[in-house]
Amino acid sequence: MTDDTSNPLWSGRFTEATDAFVEAFTASEHYDRRLYRQDIRGSKAHARMLNHVGVLSDADTRAIVEGLDAIVEEIERGEFPWSPSLEDVHMNIEARLTERIGDAGKRLHTARSRNDQIATDVRLWLREAIDEAIALLRRFQAGLVDLAEREAETVMPGFTHLQVAQPITFGHHMLAWYEMLVRDEGRLADCRERANVMPLGSAALAGTTFPVDRDMTCAELGFDAPSRNSLDAVSDRDFAIEFLSASATIMTHLSRMAEELVLWSSPMFDFIDLPDRYCTGSSIMPQKKNPDVAELVRGKTARVHGALQTMLTLMKGQPLAYNRDNQEDKEPLFDAADTVVASLRAFADMVPNLTVKRENTREAARRGFATATDLADYLVRNGVPFRDAHEIVGRAVRYGVERGRDLAEMELDELRHFSPAIGDDVFDVLTLEGSVAARDHTGGTAPAQVRAQVAAARERLREG
Ligand code: ARG
């Protein structure tokens, strides 16, 4: 009966061929072929282990390992005959192996199921994706630290509600981004630990009757430990959810940075210049230099947030153990990983090369009464209760707004009109440089603190 069915790997119990539409509907080889390296690595480890425990002969094992190596080359030369009727990457490779080496190929799937195979492949693949993302995160962090050092003294307005709040240093702002990325790295490293557990040996769901040596495959594949429960190992994709959650957070951070880069490079702010090689022009407006890379990172954030939602929803209705639903995990996972890696790369290259228009950032802070809090703090030091000081400075600001003058531009007599507690030393605290330098404690914006944090960050990045 197997003659009229299309899939030689499981056609035994069927009496008619798979419907052509169903074949196309269930196939995944067009995207899961991306796992060929992990799949073959896992198969080689499995074959060697079966040989070690006496299930596979030396000759068969050698044929399998050599056949799989040849298949890697065939795939990489673009000559592998991928076939959707063989469903997925696993059966495509296994069928080809049997085509090449005969019966030994048919013995490879002993003590294994595609269920533990795919769970192993995805974990191996994700481990590499995490390592790549972490390397890029660290490159971006190092670039931000260099930029922070370069701009440790550069004054800019700090914002709350996007209104000028207090003067800060540009370096301090870059180190805020750096801190976000440090936590992002921690989340990925944490997720990698739980992802690095080996499902192989769980077989379809209950384990296998063969005397498998899971510690052996585990060591060969670089996993930290074999999974402790076969049902859990073949079915849960929470490690992918964790990766997507960490990725969604990374993209949220990058998107916030993108938003600031877009604002700052707009002529309305005019705080920075992005390198020309990361911008594009307009086909109609000759004057335009658009921050497309930043906008696309902000836009691509949506894909990664969507992938997280997809994976959560994919899992929520699944009874134990494996269900075919899980085949739907790969496209969002691949897409999200590609997006995070590309976005990190774009920012790691672009952001450290931006130019700060120091005159403009300083002028924006000066115009915005950014040192009003410094005046209030000054009054408090001279005995005025903070709430009264707040009120006094508020009146001085209103006076300045009406006359178009900043606090530092007023005469001492004018200022004393608002409070007799103001003396001629007030101008020290009203300058922008005085204001930022005064916030000189751990976490503060003072140039000295920025330099201290830069040194600490470099130390951390060196340690690895
Ligand atoms: N392509 C499947 C997946 O991605 C592999 C496992 C299929 N297992 C099965 N029993 N149909 O999940």
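For the reader, a short list of remarks on this structure follows.
- Selection status of residue 183, basic (Lys, Arg) and under 13 Å from residue 242 (Cα atoms): no
- Scope segment 98-122; condition away from the ligand (no atom under 12 Å from the Cβ) and buried (at least 23 other Cβ atoms within 10 Å of the Cβ); matching residues: 108
Residues checked against (1) closer than 30 Å to residue 351 by Cα; (2) of a type in the set (S, T, N, Q); (3) within 16 Å of the ligand (Cβ to nearest atom):
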position: 53; (1), (2), (3): no, no, no
position: 57; (1), (2), (3): no, yes, no
position: 91; (1), (2), (3): no, no, yes
position: 130; (1), (2), (3): yes, no, no
position: 149; (1), (2), (3): yes, no, no
position: 159; (1), (2), (3): yes, no, no
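- Members of segment 20-31 found to be assigned to a helix (DSSP H, G or I) and near the ligand (Cβ under 9 Å from one of its atoms), listed by number: 26, 29
- Going through (1) within 30 Å of residue 150 (Cα to Cα); (2) open to solvent by 40 Å² or more (accessible area, probe 1.4 Å) one by one, residue 352 falls short only on (2).
- Helices (runs of 4 or more DSSP H) lying entirely in segment 404-457 (those with 1 or more residues that are among the aliphatic types (A, V, I, L, M), within 30 Å of residue 174 (Cβ to Cβ) and open to solvent by less than 40 Å² (accessible area, probe 1.4 Å)): 426-430, 432-438
- Residue pairs meeting the criteria (Cβ under 6 Å; at least 6 apart or on separate chains; first closer than 21 Å to residue 165 by Cα, in segment 442-460; second in a loop (DSSP other than H, G, I, E, B) and open to solvent by less than 60 Å² (accessible area, probe 1.4 Å)): 445/439; 446/439; 447/152; 450/152
- Criterion (open to solvent by 20 Å² or more (accessible area, probe 1.4 Å), over 28 Å from residue 159 (Cβ atoms) and among the acidic types (Asp, Glu)) met by exactly one of 259, 331, 359: 331
- Hits in segment 193-240 - residues which are in a loop (DSSP other than H, G, I, E, B) and either open to solvent by 50 Å² or more (accessible area, probe 1.4 Å) or among the basic types (Lys, Arg) (or both): 205, 206, 209, 210, 211, 224, 228, 229, 237
- Considering segment 321-361, and only residues there that are touching a Ser or Thr at 6+ places or on another chain (Cβ under 6 Å) and within 16 Å of the ligand (Cβ to nearest atom), the residue that is farthest from residue 293 (Cα to Cα) turns out to be 321.
- Taken together, the residues in segment 156-192 that are within 30 Å of residue 371 (Cβ to Cβ), open to solvent by 10 Å² or more (accessible area, probe 1.4 Å) and hydrophobic (A, V, I, L, M, F, W, C) amount to 8.
- Test for residue 233: is it within 14 Å of the ligand (Cβ to nearest atom), more than 24 Å from residue 335 (Cα to Cα) and modelled with pLDDT of 95 or more: no
- Index of the failed condition, residue 343 passing every other in (1) closer than 30 Å to residue 431 by Cα; (2) open to solvent by less than 20 Å² (accessible area, probe 1.4 Å): (1)
- Exactly one residue out of 135, 152 is open to solvent by less than 40 Å² (accessible area, probe 1.4 Å) and among the small types (Gly, Ala, Ser): that is 152.
- Per the listing 34, 41, 62, the residue uniquely open to solvent by 20 Å² or more (accessible area, probe 1.4 Å), touching a residue at least 24 places away in the same chain (Cβ under 8 Å), basic (Lys, Arg) and more than 16 Å from the ligand (Cβ to nearest atom) is 41.
- Pair list, Cβ < 6 Å and 6+ apart or interchain, from segment 265-287 residues that are open to solvent by less than 30 Å² (accessible area, probe 1.4 Å) to residues that are β-branched (Val, Ile, Thr): 271/361; 272/356
- Taking segment 1-41 as the range and being among the β-branched types (Val, Ile, Thr) and either modelled with pLDDT of 90 or more or under 23 Å from residue 328 (Cα atoms) (or both) as the test, the residues that pass are 18, 22, 26, 40.
- Residue in segment 370-389 that is touching a Pro at 6+ places or on another chain (Cβ under 6 Å) and either surrounded by fewer than 21 Cβ atoms within 10 Å (Cβ to Cβ) or not in a loop (DSSP other than H, G, I, E, B) (or both) present: no
The values are calculated or read from the model by the stated rules, or taken from the named source; none is laboratory data. All of these numbers come straight from a predicted model, not from anything done at the bench. FYI the Cβ positions are ideal-geometry reconstructions off the backbone, even for glycines, and counts take in every protein chain you see. Remember, those area values only see protein heavy atoms, side chains included, never the ligands or the DNA or RNA. Shrake-Rupley method; radii C 1.70, N 1.55, O 1.52, S 1.80 Å.
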